[in-house]
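Before any comments, here is the structure.
The values are calculated or read from the model by the stated rules, or taken from the named source; none is laboratory data. In this text, all values refer to a predicted model and were calculated from it rather than measured experimentally. Note that we place each Cβ from the backbone using ideal geometry, even for glycine, and neighbour counts take in every protein chain shown.
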Amino acid sequence: MKSLISGVEVLPASALDTDIEKTICITGHRKNRIALYKNNPVLTYSAVKLMIYRYIDMAIDAGYQYFINGLANGTDLWSAEYVIMKKHRNENIRIISVMPFLRHAEFLSGNDRVLLENVEKNSDYLITVNSNPDIIYSKYKSADSSAILYRDRNYYMVDKSSAVIAFADNDQKFSGTFQTINYAYRNNKKICSFSTEKIHNIIKKSDSDIRTIGYEIALLENVFCT
């Protein structure tokens, strides 16, 4: 099997073989689910990215080497892009990308699709949890669709990890992010999370100055070592 967007070989779920204790997955809101600070997407997304980067750095400092993402826009692809950069500087870092189904790229466009292609090409493992080339996601199950593709992707990421980085808000308890967190909690995985409220508070404290925001985030204590 090959990816329809990057042409990279796509491996079955059974192909992944990593040290679970050194593996962490990342989950979080898509861009359209992120509440903007004063209706400013550039500032809000920049602050979210900096927080994701800080949590990844924390995980690396705590000994994690394998980073799993689910190839969705927003949190997933932002984190994957950063892990790729870290991988070029640290030969121990590996990136694992898990697609819910082969046609998942059809749901992305523009810059998100370009970023998706780059992430796929730079992944050490490109995995799919459903190898049916024709299946797509739908709440109404049929011969060529399924309502559990994203759930299966989320559960797979948790099963292969010992910890989870999560960007999650309590008012989105029916999201895929909370589905992933709840499954991780039931399976006794370490969960380190941050919320949009925390992001907004840092922006406000920093008077919306991106350099100050970065400084405040860099000072955060390593949550994986507490």
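Tabulated values for the structure
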{"quantity": "Residues within the range 34-44 that are surrounded by fewer than 17 Cβ atoms within 10 Å (Cβ to Cβ) and in contact with a helix residue (DSSP H, G or I) (Cβ under 7 Å, 6 or more places away or on another chain), tallied", "calculated": "2"}
{"quantity": "Number of positions in the range 61-88 that are in contact with a Cys (Cβ under 6 Å, 6 or more places away or on another chain) and part of a helix (DSSP H, G or I)", "calculated": "0"}
{"quantity": "Residue within the range 203-215 that is farther than 26 Å from L43 by Cα and crowded, with 18+ Cβ neighbours inside 10 Å present", "calculated": "no"}
{"quantity": "Failed condition for T177, given (1) closer than 20 Å to H29 by Cα; (2) touching a Phe, Trp or Tyr at 6+ places or on another chain (Cβ under 9 Å); (3) free of Cβ contacts under 8 Å to residues at least 12 places away in the same chain", "calculated": "(3)"}
{"quantity": "Residue count, the range 1-25 (criterion: closer than 20 Å to V114 by Cβ and buried (at least 18 other Cβ atoms within 10 Å of the Cβ))", "calculated": "4"}
{"quantity": "Meets criteria (of a type in the set (D, E, K, R) and at pLDDT 95 or above) for D76", "calculated": "yes"}
{"quantity": "Residue satisfying condition, being at negative phi and touching a Leu at 6+ places or on another chain (Cβ under 8 Å), within set I165, I199, I203", "calculated": "I203"}
